[in-house]
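Note sheet for the following structure.
Since every read-out is calculated from the coordinates, none of them should be taken as a lab result. It should be emphasised that the depicted structure is a prediction, and the values quoted were computed from it without experimental measurement. Here Cβ is always computed from backbone atoms with ideal geometry, including for glycine, and neighbour counts include all displayed protein chains.
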Amino acid sequence: MKLLRLAPVLVSALVLTAMPPTALAQGTSADAAELFKQGRAALDTNDYAVACAKLAASLQIERAVGTLMSLAKCEEAMHNLASARQHWQEAADFADASNDRLNRGAFCRTKFADLDRRVPRLTVRLAPGAPTDTVVKRDGVILLSATLGSPLPVEPGMHVLEVIAPGRETTTQHIELKEGDGKDVLVTPGPATVVTPLAPPSIPRNNVAPTSTAAPSEGRSALLWTGVAVAGAGVAAGLVFGGLALGKSGSLPTECPNDKCMPSGNGQSDLSSAKSLATVSDISFAVAGVGAVIGVIGFVKGPHKAEATPSVGLWFGPGSLGLKGTFQ
């Protein structure tokens, strides 16, 4: 007898223990009662969105048969038949488990049976041969492999099925169900994903980089500027030695008339020096002419591959001057 009296208490304790611990920590019985009162008031005025939210919040704080029944009515009014069916079932089970003093279990089972006939069911099957790691989603929620092939209650309306498998394209199907409908859908992953290889970098033919059409200017510059330097040096030397020759010959008309000098004077020495300096001046101007020719050749020859820079210079000797160097 004592065990029979304790049975309802034990059942209630088991139910409370099975509830998520967070549900009991979100409020008190007074909070649950107030939310239930507000939810019922909204339900009486057909404000179903507010009513369902209030009743669901009350149910999270404290589980009660009346709250489950009211929430089921609200969801059925919003045409959420699968959710309403679930809460009618929970209300019937909880009424029996808690030894409901109003005996509402039978009523809840009747409502569940009436609604069960109206709820659509969708059976999803995975095609044979699909990869073992294939994932099937219904409305964004992954379906466990154990549920594939079983008719599951769903809400009336449009549903989206996704099939995802590594290395395969994702497939998507849209399935619409009305009240009382039952559909069996076979799903399969898409074809293998095509991987486009990256294009290799462009390499010039024969691995030779294209050469620039612009010719280097080193060859022209070396020959041209060498000619200019030689011409300039020759002109400078010719002017210097020419000036010295004129200086030496300044007194010759008196000491050496008609290039015949007096034996007793210095005219003969000055005459010789003047002639030597004049010769060097002439050679210098000749070298300048050669430099000018080199410069013209460098300019006319035009661009060519880089060559060794020509080496050109003047050399001086007693009473003489010359041009030496290397050319290509």
Revision key, fill the gap. Counting only residues that are of a type outside the set (Asp, Glu) and assigned to a loop (DSSP other than H, G, I, E, B), the stretch 87-104 contains a total of 6
Check your understanding: Taking the stretch 28-59, which residues are polar (S, T, N, Q), in a helix (DSSP H, G or I) and surrounded by fewer than 18 Cβ atoms within 10 Å (Cβ to Cβ)?
Key -> 29, 38
Review point. Does any residue of the stretch 145-167 turn out to be among the hydroxyl-bearing types (Ser, Thr, Tyr) and touching a residue at least 60 places away in the same chain (Cβ under 8 Å)?
Key: no
**Study point:** Single match in 161, 152, 186 (criterion: under 21 Å from residue 85 (Cβ atoms) and part of a strand (DSSP E or B))
**Key:** 152
